[in-house]
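Take a look at the structure below.
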Amino acid sequence: MRRPIASVLVMAAGLALAGCGGSADGANSDVDLSVRSAYIPQPVTDAMAAGYLVVVNKSDSSDDLVSATSDIAEDVTIHETSGQTMKRADRLEVPANGQLVLKTGGTHLMFEKLKRKLKEGETVSVELRFTKTDPIKVEMPVKSATYQPTSSMSSSSSMSSASSASAAISSSVSHH
């Protein structure tokens, strides 16, 4: 059976579009994100904790981290720290062929109104949401309050995790 060339072209175009990825909610599979080096230092208070991680983008398109959720906290917000000032960020860019580093003394996740005290050795589930990419579930181990990650996350940070977490919590309490 021979088909007219126009119908073959329409079918080919439809198949090509179907293979392009994306979804009805606007997610874009052309952006290739992964998460590594995620952790939460054991918090010094029962009310809040900070979380750190690296989002790696292996694609030619940038994306933005816009929110996070976890069943361990009533609210998870994205914060930027500059000097001793911490402020909430609406979004953080994950650059094309680059990475977004959330680290002590800089950008971080803030887990507020914890539902229970976090203990070293347990793992917290977090869902990260982006503007283009489908949400990513991350398992964040709770480390000691003085935990120092390997050089990729701590190279520009001179504050210890414990003192930075304390500064972040003090700052957070004063700005909320």
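Just so it is clear, none of the values below were taken in a lab; they were calculated from the coordinates. If you're wondering where the values come from, they're calculated on a predicted model, not measured in any experiment. No Cβ is skipped: glycine too gets one built from the backbone with ideal geometry, and neighbour counts run over all protein chains shown.
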Excluding same-chain residues fewer than 8 positions from Lys103, which lysines have a Cα within less than 16 Å of its Cα? Lys87, Lys143
Distance in nm between pseudo-label sites at Ser144 and Ala47 (7 Å out along the Cβ direction from Cα): 2.8
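If the only charges are +1 at each Lys and Arg Cβ and -1 at each Asp and Glu Cβ, what is the size of the charge dipole of region 62-155 around the Cα centre, to the nearest 20 debye? It would help to have the intermediate numbers written out before the result.
Details: 13 positive and 14 negative charges, 58 e Å.
Roughly 280 debye for region 62-155.
Express in nm, to one decimal, how much length is gained between Ala89 and Thr69 on full extension, taking 0.36 nm for each residue of separation and deducting their alpha carbon distance. Please list the in-between numbers first.
Working: separation 20, 0.36 × 20 = 7.20 nm, distance 1.48 nm.
Taking Ala89 through Thr69 to full extension adds about 5.7 nm, to one decimal.
Work out, step by step, the length gained on full extension between Arg116 and Ser61: first 0.36 nm times the residue separation, then minus their alpha carbon distance; give nm to one decimal.
Values: separation 55, 0.36 × 55 = 19.80 nm, distance 3.84 nm.
Contour length minus Cα-Cα distance gives 16.0 nm.
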